[in-house]
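Quick notes on the structure that follows.
The numbers here are math on the coordinates, done by the rules we state, and not lab data. Everything numeric in this text was worked out from a predicted model, so none of it was measured. Here the Cβ positions follow ideal geometry from the backbone for every residue, glycine too, while neighbour counts run over all protein chains shown.
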Amino acid sequence: MKHCICAQITPPGQAAIAVIRCSGKDSIALVARHFRPARKLLNAASHTLVWGTFYSLDGIPLDEVLLSVFKAPQSYTGEDVVEISCHGNPDLCDRILGSLLQNMKLANPGEFTLRAYLNGKMDLSQAEAVNDLITAATSKAEAAALMQIKGYLGRHLQSLLSQLSEARLRCELAIDFADQDLPSIDGQDLVNRINSLISDADALYCEGQHSRKIREGVRICLAGAPNAGKSSLFNAFLKHNRAIVSPHPGTTRDYLEESFSLSGFPIVLYDTAGLREAAQEIEAEGISRTRHLMLEADLILYLYEDEKDLVDLQELSSKCIYVSSKADLKPEQILPEGHLACSVKTEHGLDALSEAILNRLKLPQEVLYRPLVTNARHLAALKRCLDALFSARQAIENGAGYEFIAFDLKAASSALEDILGVISSDDLLNQIFSGFCIGK
Ligand SMILES: Nc1nc2c(ncn2[C@@H]2O[C@H](COP(=O)(O)OP(=O)(O)O)[C@@H](O)[C@H]2O)c(=O)[nH]1
Ligand SMILES: [Mg+2]
């Protein structure tokens with residue numbers, strides 16, 4: 001039988017209130033051993049509060065507490081749950097938890113959510129989204145995670161899965177009745193079904209690739225000649241003086257990395273050493289890192305004070321916004337097509353630059369109201385599903401037997417089932433849930 005588990009679900013440290021959650025078949029009876037009036041707890045209806053005193057097992061009163069009672073299956077974990085709200089003194093919480101641990105086990109990270117998943121309260125994609133929501137750094141990332149918790153993605157995948165089964169069923173019928181003189185299945189119909197599955201899965205995958213940026217942050221690299229004003233712009237975006245700004249070229253030798261939110265989207269901004277030849281050793285190393293960061297970035301802001309500092313970025317130019325910096329010093333300037341001008345000093349052009357960044361990245365505001373695959377594990381599974389579907393379509397085109405097509409369709413289904421956790425190995429579950437915080 002499964003143990004009752006407990007853990008503090010509020011952050012450690014002093015607070016007005018701390019909450020300890022207990023979950024398991026016997027949780028109500030086990031907490032009642034510590035609680036007066038015990039009978040009130042034992043008789044409590046689900047979703048009610050019970051007020052009383054919490055005692056250690058040897059009868060010493062520890063605190064006045066408020067218990068929230070949730071009965072299976074109407075609880076977070078799907079088991080009987082008691083949440084103990086006590087006073088938020090860390091020492092006191094330890095003593096309450098210590099008493100409970102005489103009959104219960106301390107929950108592992110993510111174990112409450114793991115139980116919720118195992119008890120069918122949510123599919124695996126929803127369970128993972130719980131952690132995404134807790135760790136989301138910006139409002140857009142929160143919205144995407146919440147959509148997933150609410151099950152939008154799960155329902156969408158379920159519908160793909162049932163279309164896949166339908167197509168597979170047709171193949172299997174064709175295999176089973178191959179030796180009988182029945183009309184063979186409609187090949188064109190099967191191709192149509194597979195094509196429609198491909199376009200659906202492909203849209204989900206492509207949007208997902210794009211939206212991963214919502215989770216992980218868009219990487220923007222500031223580049224340009226030394227002294228172009230990169231560190232100043234870096235500080236302006238972060239709204240504090242993180243990077244050293246100096247009139248001496250070559251001050252920023254290593255790179256700096258900071259995150260901030262741009263209209264709710266997470267951005268990881270890199271301030272780099274300026275690109276110039278003939279640098280000292282350390283600076284040269286900085287420059288080679290700059291090149292690397294420019295390659296990896298989703299977007300490059302290339303700053304220049306003077307047009308003579310513009311360099312040909314070749315293949316990188318497609319992900320580059322050219323910014324003429326220190327515009328306050330160049331009131332008469334005529335900008336090349338597509339370039340922006342800004343001044344950190346007067347703040348002129350900074351809003352337009354932010355807007356240009358958002359436009360360029362085509363961050364999908366509206367996509368948030370549709371199911372999104374933002375999790376790397378899910379994206380990889382979706383890719384496996386797509387590959388299997390391509391292979392099925394190829395098999396039909398090659399005139400391969402239906403057993404080959406059925407095999408590919410089966411592989412496509414199990415890739416989607418991996419996302420939902422229809423069947424999942426203990427290893428996978430451990431890997432996923434160990435990334436959670438204790439108490440979730
Ligand atoms: N007038 C003016 N000076 C600026 C502006 N931005 C940066 N500077 C100055 O240009 C110099 C180099 O700036 P910095 O940000 O360190 O450039 P970096 O080498 O590209 O990081 C410093 O003296 C800054 O004060 C601006 O918008 N207007
Ligand atoms: Mg600098």
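Rounded, prolate or oblate, given the Cα gyration tensor of segment 5-118, with a/c below 1.5 counting as rounded? Show your work: numbers first, answer last.
Details: a/c = 1.57, a/b = 1.15, b/c = 1.36.
Verdict is oblate for segment 5-118.
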>> How far apart, in nanometres, would the label points at S56 and S434 be if each is projected 7 angstrom from Cα along the Cα-to-Cβ direction?
In response: 3.5
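For segment 217-343, what class follows from the C-alpha gyration tensor (a ≥ b ≥ c being the square roots of its eigenvalues): rounded when a/c is under 1.5, otherwise prolate if a/b is larger than b/c, else oblate? Display every interim value, and only then the final one.
On the way: a/c = 1.22, a/b = 1.03, b/c = 1.18.
Rounded.
Which entries of K25/K150; K2/K410; K121/K410; K308/K345; K213/K330; K40/K440 have Cα-Cα distances beyond 24 Å here?
Working: K25/K150 26 Å; K2/K410 34 Å; K121/K410 26 Å; K308/K345 22 Å; K213/K330 35 Å; K40/K440 27 Å.
Those over the limit are K25/K150; K2/K410; K121/K410; K213/K330; K40/K440.
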>> Between N192 and E64, what is the label-point separation in nm under the 7 Å Cα-to-beta-carbon projection?
In response: 7.2
> Residue farthest toward the positive end of the dipole of segment 5-118, with Cβ of Lys/Arg at +1 and Asp/Glu at -1: which of A44, L100, G110?
Replying inline: A44
> What shape does segment 329-440 have by the C-alpha gyration tensor, where a ≥ b ≥ c are the square roots of the eigenvalues, rounded means a/c under 1.5, and otherwise prolate means a/b greater than b/c and oblate the rest?
Replying inline: oblate
>> Can you sort R155, R384 from fewest to most other Cβ atoms within 10 Å of each residue's own Cβ?
In response: R155, R384
>> Apply the Karplus curve 6.51 cos²θ - 1.76 cosθ + 1.60, θ = phi - 60°, to the phi angles in segment 111-127 and return the couplings in whole Hz, x for Gly and Pro.
In response: 5, 4, 6, 4, 5, 4, 5, 5, 8, x, 6, 7, 7, 5, 5, 5, 4
> Between G98, G151, G274, which gets the highest mean-square fluctuation from a Gaussian network model of the chain, Cα cutoff 10 Å?
Replying inline: G98
>> Order these by the 10 Å Cβ neighbour count, fewest first: I423, I214.
In response: I423, I214
>> Report the Cα centroid-to-centroid distance between segment 209-239 and segment 24-54 in angstrom, as an integer.
In response: 53
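How big is the Cα convex hull of the chain in projection, averaged over all directions, in nm²?
Working: hull surface 122.1 nm².
The Cα convex hull of the chain, projected and averaged over all directions, gives 30.5 nm².
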>> Can you list, by residue number, the Cys in the chain that have no neighbouring cysteine C-beta under 4.7 Å?
In response: C4, C86, C93, C171, C206, C221, C320, C342, C385, C437
> So how much slack lies between H248 and A45, counting 0.36 nm per residue of separation and subtracting their Cα-Cα distance, in nm?
Replying inline: 65.9 nm
> How would you rank L428, L30, going from fewest to most other Cβ atoms within 10 Å of each one's own Cβ?
Replying inline: L428, L30
